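Participant: So that we are looking at the same thing, I have put the structure below in structure tokens.
The values are calculated or read from the model by the stated rules, or taken from the named source; none is laboratory data. Just so it is clear, the structure is predicted and the values come from calculations on it, not from any experiment. Glycine also receives a Cβ, built like all others from the backbone with ideal geometry; neighbour counts cover every protein chain displayed.
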Amino acid sequence: MKSKPLAGITVIDFSYRLPGPFCGKILSDLGAHVIKIEDQIYKDPFLADDFSQFDPSFTSWYEKLNAEKKVLRFDFNSTEDQQKIFELVNTSDAIIMGLPQKLRAKLKLTNEELKFKRAFVVIELHASKKEQKSMHDLNALALSGLLSLHIGSQINKNEKIINPPFLPIAGIAFGHKAATDLLASLISAQKSKQSVFTKTYLDEVTNELLGIFWTDKDRATSRTSFLHNGHYPCYSIYQTKDLRYIALAAVEEKFWIKFCEVFQIDTTFDRFYNEDDQLFHIVSNALSALTLAEIESKTVNIDLCLTPIL
């Protein structure tokens, strides 16, 4: 079996919740040996009662994010355990740092103490370089303005309370960027044969990776409706006769024509026509007249970008 690209690399994960552990998961998936170190009393907040009791999904997230890691728990107040932790760090290649400065000092893991004369990387994940207040995924999306896209899609419902997007996309992007930054820094460290210290910030990553998909030009015109959030009939989610849902993504003309032929829709309709929602209703009526099984039967072995939602 061919070894994975990061085989032989050891990463110590001192992070918690989502972004840091997701960074560690990505590195682990690439073959790195990732050791997650937690305090034996406090553990990761995703395992805390005040998280897991009101929403058990946090426990599931923890299990998925750390499934391939070696999780070790120590008494951070024990001199003996502090030495064990430092020995693990001293034989590793990189750290995902999520510990506060006071705890880093107690564990002898400050930047000064980690200036090894060999290739070594410490990456810190922070909320912001500018903002002093704490920040979560939703706050970063709000600061970037990207939440306006989500709100814009629900304005017509006259909602006073709007549910946030399910996926914490800013946090996910943050973790992915941290993994990229760590690997880039590791290349730099291997060239210099010294420790490299780097930081990445949630708000900057949100703008850098996600903000590019809502350009200044679109913002200036207050445009919040696009192909990918349901502006056009050819790319949307429709209900079937048996109250299931199916995703249509017939963006290319060949898929749209085939879709219209299969479901007996006038092929002269422009798949991007949406001025009066007429085409939305035509497509909806065609699909809602059939059960999901009937739709699957009609489209078996036909490629038209129509997928049942499992």
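Participant: Do we have Tyr201 as of a type in the set (Phe, Trp, Tyr) and touching a Phe, Trp or Tyr at 6+ places or on another chain (Cβ under 8 Å) here?
Facilitator: no
Participant: Consider Phe46 carefully, then state whether it is at pLDDT below 95, closer than 25 Å to His176 by Cα and under 25 Å from the mean Cα position of the chain (by Cα).
Facilitator: Yes.
Participant: How do the pairs read when you match residues in the stretch 199-213 that are touching a residue at least 12 places away in the same chain (Cβ under 8 Å) and over 13 Å from Asn139 (Cβ atoms) with residues anywhere that are of a type in the set (A, V, I, L, M) and surrounded by fewer than 17 Cβ atoms within 10 Å (Cβ to Cβ), using Cβ under 9 Å and keeping only pairs 6 or more apart or on different chains?
Facilitator: Leu210/Ile169
Participant: Moving on. Just checking, which of Ile161, Ile172 is among the hydrophobic types (A, V, I, L, M, F, W, C) and at pLDDT below 95?
Facilitator: Just one listed residue meets the conditions, Ile161.
Participant: What's the total number of residues in the stretch 18-43 that are of a type in the set (Lys, Arg) and at pLDDT 95 or above?
Facilitator: Number of matching residues: 2.
Participant: Which of the residues belonging to the stretch 210-266 are of a type in the set (D, E, K, R) and more than 15 Å from Ser288 (Cα to Cα)?
Facilitator: Asp216, Lys217, Asp218, Arg219, Arg223, Glu252, Glu253, Lys254, Lys258, Glu261, Asp266
Participant: Quick check, is Lys217 of a type in the set (Lys, Arg), farther than 30 Å from Phe86 by Cβ and at pLDDT below 95?
Facilitator: Yes, satisfied.
Participant: Could you tell me which residue of the stretch 266-310 is surrounded by the fewest Cβ atoms within 10 Å (Cβ to Cβ), considering only residues that are on the phi < 0 side of the Ramachandran plot and among the acidic types (Asp, Glu)?
Facilitator: Out of the qualifying residues, it is Glu275.
Participant: Where the second residue is assigned to a loop (DSSP other than H, G, I, E, B) and the first is more than 15 Å from Lys258 (Cα to Cα) and lies in the stretch 292-303, which pairs have Cβ atoms under 7 Å and are six or more apart or on separate chains?
Facilitator: What qualifies is Leu292/Thr240; Leu292/Asp242; Leu292/Arg244.
Participant: Only one residue in Ser15, Ser57 is among the small types (Gly, Ala, Ser), closer than 28 Å to Tyr201 by Cβ and at pLDDT below 95. Which one?
Facilitator: Only one candidate qualifies: Ser57.
Participant: Ok, one more. Can you say whether Cys234 is buried (at least 18 other Cβ atoms within 10 Å of the Cβ) and either without any contact (Cβ under 8 Å) to a residue 12 or more places away in the chain or of a type in the set (Asp, Glu) (or both), as far as the supplied structure shows?
Facilitator: When the stated conditions are applied, Cys234 does not pass them.
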